[in-house]
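The values are calculated or read from the model by the stated rules, or taken from the named source; none is laboratory data. Quick caveat, the model's predicted, so the values are computed rather than measured. In this analysis, Cβ positions are derived from the backbone assuming ideal geometry, glycine residues included, and neighbour counts consider all displayed protein chains. These accessible areas exclude ligands, DNA and RNA; they are computed on the full protein's heavy atoms, side chains included. Shrake-Rupley method; radii C 1.70, N 1.55, O 1.52, S 1.80 Å.
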Amino acid sequence: MDINEFAEKLTEFGITNENYKKWREIHGKLFGDLFLCAFEESDEAQIHFTAAVTNISENECKKAVTKLKIAESLCNNEHDEMAVNYFTGLCYELTKDLKKMEKYYSRLLYSDMDFIFPLAFTPYYRTAKFAQRDSECTKAIYYYKKALEIYEDKKLTREQSKIVSFIYYDLATVYLYCHEYEKSVTTMEKSYKYDASQNSFRDYVVTVLNALSGEKARVGLLLSQLSPHFIESCKPMTEAIFKGEDLHYYVVPQDRTKYKSFWDDLTKEKELLEDLILDRKGRRAAKTISRKLTKTLPFVQRDLACKIEKTDTGFIVRCKNYCVKTLNSEYEALFSMKPENFENWEFVSVNEFEKGEYK
């Protein structure tokens, strides 16, 4: 940037500009010294850097990356470099470019600097959280562990310990969801190790874990300590667990009278579905089957996603069971009724779609 361009930039978004000061204050409150102490030795770099973080807050990550590249060329010290790496990684995380996200976030591991990130913007945390929301458990576990790596082998502040504790709590909930109860318990113990203060969300999960272990007296005590809001949802769940009637944690027999109709309806559209798949419109075909599955299995009370893949011998339909034991059981019953005219179709129940990609 030449002197004239820099002068124009100062006028538009300069250090004396009130709008500039406002954004510095906003970003400083959220990111603290990670943001405020970057580029202290260069007004020019600080302007580009602040503008980049502002672009991120306005969901304009492409513009932010351009400005961060300019700021990167103006780095004077390790703090500057790590701040650029973090916010560049954040841009790619927000745009779901996970390969580039990891490239920049991984650089933070080689720094001795003691950064404090807001929990919601801790490296990898957002990606893990959305994977958990979408029932992609392996992916969620992978990225929660990546988030924890940021804090490994470091002396943590009280604030950092609370963040680590909450990430372990999140990780424990994923293990619980996918029925890895022992891992959930040991991970929850780590959460307490880093922060033993009262946490209603964690108390909820601990209550469910005790119910799955058959600890009725313990569950009663834990329920009495929960707030009314949490008791309202937790108590019915634990009661269903004790009765073996919770659909997620147990196989509960369902009405199967609609299963034949599912295949009858699908047979009528078989040729159309195959044409769609061969015409590279597999998503449309998958949505059709998803709608029929959702209608046939209403007890799940959610849209049932599936993916279709062309194979050498026909087609394979992967139907997501969301780790719901009853749904998995009903899928097996439904698919066992597959008629002969679907001999080149394979229907399988899967916990998640992306399991093999994250280890």
| said: Give the aspartates and glutamates whose C-alpha is closer than 16 Å to that of K243, dropping any in the same chain fewer than 8 places away, or say none. | reply: E215
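Per residue, how big is the convex hull around the C-alpha atoms of the stretch 227-323? Give it to me in cubic angstrom, could you?
126 Å³
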| message | For the stretch 165-184 and the stretch 66-102, what is the centre-to-centre distance using only Cα atoms, to the nearest Å? | response | 31 Å
| request: Work out from phi, with θ = phi - 60° and the Karplus expression 6.51 cos²θ - 1.76 cosθ + 1.60, the ³J(HN,Hα) of each residue of the stretch 245-257, listed in order in whole Hz, and give x for Gly and Pro. | output: 10, 7, 5, 6, 9, 9, 8, 10, x, 10, 6, 10, 5
| Under 17 Å from the Cα of K281, which lysines turn up, not counting those fewer than eight places away in the same chain? | K270, K307, K310
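Checking the a/c ratio against 1.5 first, then a/b against b/c, what shape does the Cα gyration tensor give for the stretch 138-200?
Values: a/c = 2.28, a/b = 1.35, b/c = 1.68.
Taking the square roots of the gyration eigenvalues as a ≥ b ≥ c, the stretch 138-200 is oblate.
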| query | Hey, what's the chain come to in accessible area per residue, 1.4 Å probe, Å²? | reply | 54 Å²
| query | To the nearest 10 degrees, how steeply does helix 18-31 sit against the main Cα axis of the chain, on a 0 to 90 scale? | reply | 50 degrees
| message | Taking the Cα centroid of the stretch 315-338 and of the stretch 107-128, what is the distance between the two, rounded to the nearest whole Å? | response | 38 Å
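Between S227 and L30, take the C-beta separation as r, use R0 = 30 Å, and let me know the FRET efficiency to the nearest 0.05.
Working: r = 28 Å, r/R0 = 0.94.
The computed FRET efficiency comes out at 0.60.
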| field | Sequence of W23, W263 from largest to smallest accessible area, 1.4 Å probe | value | W23, W263
| query | So what does H79 come to for accessible area, using a 1.4 Å probe and Å² rounded to 10? | reply | 30 Å²
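Provide the net charge surrounding T296, with neighbours chosen by a C-beta distance below 12 Å and charges set as Lys +1, Arg +1, Asp -1, Glu -1. Display every interim value, and only then the final one.
On the way: positive: R256, K258, K260, R291, K292, K295; negative: D255, D264, D265, E330.
Every neighbour counted, the sum reads +2.
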| Additional length obtainable on full extension of the chain from N344 to K193, 0.36 nm per residue less Cα span | 49.1 nm
| Who wins for biggest fluctuation among Q132, Q46, Q198 in a Gaussian network model of the chain, springs between alpha carbons below 10 Å? | Q198
| said: If I model a spin label at A333 and E41 as a point 7 Å from the Cα along the Cα→Cβ vector, what separation in nanometres do I get? | reply: 7.1 nm
| query | With axes computed from alpha carbons, what is the tilt in degrees of helix 259-268 against the longest principal axis of the chain, rounded to the nearest 10 within 0 to 90? | reply | 80 degrees
| task | Report the label-to-label distance for R107 and E182 in nanometres (one decimal), using points 7 Å from each Cα along the Cα→Cβ vector. | result | 4.2 nm
| request: Leaving ligands, DNA and RNA out of it, report the carbon-plus-sulfur percent of the accessible area of the chain at a 1.4 Å probe. | output: 49 percent
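Which value, in debye to the nearest 20, describes the size of the charge dipole of the chain about its Cα centre when Lys and Arg Cβ atoms bear +1, Asp and Glu Cβ atoms bear -1, and nothing else is charged?
On the way: 54 positive and 58 negative charges, 258 e Å.
Using only the charged Cβ atoms, the result is roughly 1240 debye.
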| note | With x for Gly and Pro, the residue-by-residue ³J(HN,Hα) of the stretch 78-92, computed from phi through the Karplus equation 6.51 cos²θ - 1.76 cosθ + 1.60 at θ = phi - 60° and given in whole Hz, is 5, 4, 4, 5, 5, 5, 5, 4, 5, 6, 5, x, 5, 4, 6
| query | By how many degrees, between 0 and 90 and to the nearest 10, does the Cα long axis of helix 200-212 differ from the longest principal axis of the chain? | reply | 30 degrees
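Based only on Cα atoms, what mean projected area does the convex hull of the chain have, in nm²?
Working: hull surface 92.9 nm².
Average projection, Cα convex hull of the chain: 23.2 nm².
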| query | What are the residues whose amide H is under 5 Å from the amide H of V350, where those residues sit 5 or more places off or on another chain and H is modelled from the backbone? | reply | C319, K320, N321
| note | Filtered hits (lysines, Cα-Cα < 24 Å from K103, offset >= 8 within chain) -> K62, K63, K67, K69, K129, K139, K145, K146, K154, K355, K359
| Selected from H248, H79, V174, residue furthest toward positive end of dipole (the chain; charges at beta carbon) | H248
| request: Might you report the magnitude of the Cβ-based charge dipole of the stretch 18-95 about its Cα centre, with Lys and Arg at +1 and Asp and Glu at -1, to the nearest 20 debye? | output: 380 debye
